[in-house]
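First comes the structure, then the notes that go with it.
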Amino acid sequence: MILTKKKMAVLGILGLATGLVTYGAPAPARTAETAQVVKITASKFHFTPDHIVLAKGQPVTLQLTSADRTHGFMVRAFGIDTDIQPGKTTAITIRPEKAGTYTTICDHYCGLGHGGMKMTIVVEEATAKSSAAPIVSASNTVSR
């Protein structure tokens, strides 16, 4: 087949038009999972709640705030090590992939009771029940 200049021009225009239509078309809709939100407040020597239970494989956003001073929030197993500044919210989204019990510590010295400032995150195997409610529970057992 011999391509003339006219045929090449038509093919070029068709190719350009096809590219523009494809580029300008909306992307296919994604079915992104919406992360459940857990609010955690750090204050003098404790986290509230001090115990949360998450479903394995389900995304969750931890919204961290401080009621009084700068605190740390470190969970080695999840690769989290951040500071929580008073008056600001620090949001961290995770998808726990391994069931287990994990200790969270304040790794920013905040006073004499700093060494006991911990919370527990439990990740449970996802079930039909827990996938409908990814955060199985959150509690605070600190007595004041």
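Quick test of your reading of the structure: VAL136 fulfils all but one of (1) farther than 13 Å from LYS39 by Cα; (2) surrounded by 15 or more Cβ atoms within 10 Å (Cβ to Cβ); (3) aliphatic (A, V, I, L, M); (4) at pLDDT 95 or above. Name the failing condition by number. It is condition (4) that VAL136 fails. Does ASP107 meet the test of being on the phi < 0 side of the Ramachandran plot and surrounded by 15 or more Cβ atoms within 10 Å (Cβ to Cβ)? Against the criterion (on the phi < 0 side of the Ramachandran plot and surrounded by 15 or more Cβ atoms within 10 Å (Cβ to Cβ)), ASP107 qualifies. Scanning segment 76-91 for residues that are closer than 19 Å to ASP50 by Cβ and among the aliphatic types (A, V, I, L, M) yields ALA77, ILE80, ILE84.
Yes/no matrix, rows are residues, columns are (1) under 18 Å from ASP50 (Cβ atoms); (2) touching a Cys at 6+ places or on another chain (Cβ under 6 Å); (3) modelled with pLDDT of 95 or more:
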| position | (1), (2), (3) |
| --- | --- |
| THR61 | no, no, yes |
| SER66 | yes, no, yes |
| MET74 | yes, no, yes |
| THR93 | no, no, yes |
| TYR102 | yes, no, yes |
| LEU112 | no, no, no |
| GLY115 | yes, no, no |
| GLU124 | yes, no, yes |
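For segment 58-104, the tally of residues that are within 11 Å of ALA42 (Cα to Cα), among the β-branched types (Val, Ile, Thr) and assigned to a strand (DSSP E or B) stands at 2. Within segment 21-41, is there a residue that is modelled with pLDDT of 95 or more and over 19 Å from VAL123 (Cβ atoms)? Checked segment 21-41: at least one residue is modelled with pLDDT of 95 or more and over 19 Å from VAL123 (Cβ atoms). Can you name the residue in segment 105-123 that is part of a strand (DSSP E or B) and out of contact with any Ser or Thr (no Cβ under 7 Å at 6 or more places or on another chain) and is also farthest from VAL38 (Cα to Cα) among such residues? Going through the qualifying residues, I end up with ILE105.
The values are calculated or read from the model by the stated rules, or taken from the named source; none is laboratory data. Please read these numbers as outputs of a predicted model, since none were measured by experiment. Positions of Cβ are generated from backbone atoms using ideal geometry, with glycine treated the same way; all protein chains shown enter the neighbour counts.
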